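Asks: Got a structure for you, questions after.
The values are calculated or read from the model by the stated rules, or taken from the named source; none is laboratory data. Being a predicted model, the structure only gives us computed values, none of them experimental. With ideal geometry, Cβ positions are generated from the backbone for all residues, glycine too; neighbour counts draw on all protein chains shown.
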Amino acid sequence: MIEDDEGHARLIEKNIRRAGVSNEIIPFANGTDALNYLLGPDGSGSVSVGRQLLILLDLNLPDMGGVDILEKVKANIHTKRSPVVVLTTTDDSREIQRCYDLGANVYITKPVDYDGFAHAIRQLGLFFAVIQVPETP
């Protein structure tokens, strides 16, 4: 999970757990640390060989744009098949289209109210409880 807002990160995790998803969640508050984890210090992505990844990505991060992260993840041979769910407050239609064009699997706009956001995250958790993440070759 790449989310710089600690409150949103806690809410996302809480509702994913409430939906019955028990997978490990590794939180990152900035893009630099997230890319280092996903692509490794050398940027090759070989560190992610064999990992089953699902990336929850906020677009508004303190050190770089989430779109840049999405672009790098989808351009890398070792991470390009990893599903990316964009969870952000950005609802600009051009930004949404750009994310889908770059390979985002799902784009969810965070509602401002707590109940709506919690419901969206619970639905996301249920969705991922029934899908199978493709394996990286």
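Asks: If you go through region 36-55 one residue at a time, do you hit one that is in contact with a helix residue (DSSP H, G or I) (Cβ under 7 Å, 6 or more places away or on another chain) and within 25 Å of residue 119 (Cβ to Cβ)?
Replies: Scanning region 36-55 turns up at least one residue that is in contact with a helix residue (DSSP H, G or I) (Cβ under 7 Å, 6 or more places away or on another chain) and within 25 Å of residue 119 (Cβ to Cβ).
Asks: Does residue 98 satisfy the condition of being among the charged types (D, E, K, R) and at pLDDT below 95?
Replies: no
Asks: Let me ask something else about it. Could you please tell me which pairs satisfy a Cβ distance under 7 Å, a separation of 6+ or placement on different chains, a first residue in region 62-77 that is free of Cβ contacts under 8 Å to residues at least 40 places away in the same chain, and a second residue that is hydroxyl-bearing (Ser, Thr, Tyr) and surrounded by 18 or more Cβ atoms within 10 Å (Cβ to Cβ)?
Replies: From residues that are free of Cβ contacts under 8 Å to residues at least 40 places away in the same chain, the pairs are 73/79; 73/82.
Asks: How about region 1-54: which of its residues are within 18 Å of residue 89 (Cα to Cα), of a type outside the set (D, E, K, R), surrounded by fewer than 19 Cβ atoms within 10 Å (Cβ to Cβ) and touching a residue at least 40 places away in the same chain (Cβ under 8 Å)?
Replies: Across region 1-54, the qualifying residues are 8, 11.
Asks: Across region 56-74, what is the total count of residues that are within 14 Å of residue 36 (Cβ to Cβ) and buried (at least 17 other Cβ atoms within 10 Å of the Cβ)?
Replies: Residues flagged as within 14 Å of residue 36 (Cβ to Cβ) and buried (at least 17 other Cβ atoms within 10 Å of the Cβ) within region 56-74 amount to 4.
Asks: Among the residues of region 75-89, which ones are in contact with a Lys or Arg (Cβ under 8 Å, 6 or more places away or on another chain), farther than 17 Å from residue 5 by Cα and surrounded by fewer than 19 Cβ atoms within 10 Å (Cβ to Cβ)?
Replies: Scanning region 75-89 gives a single hit, 80.
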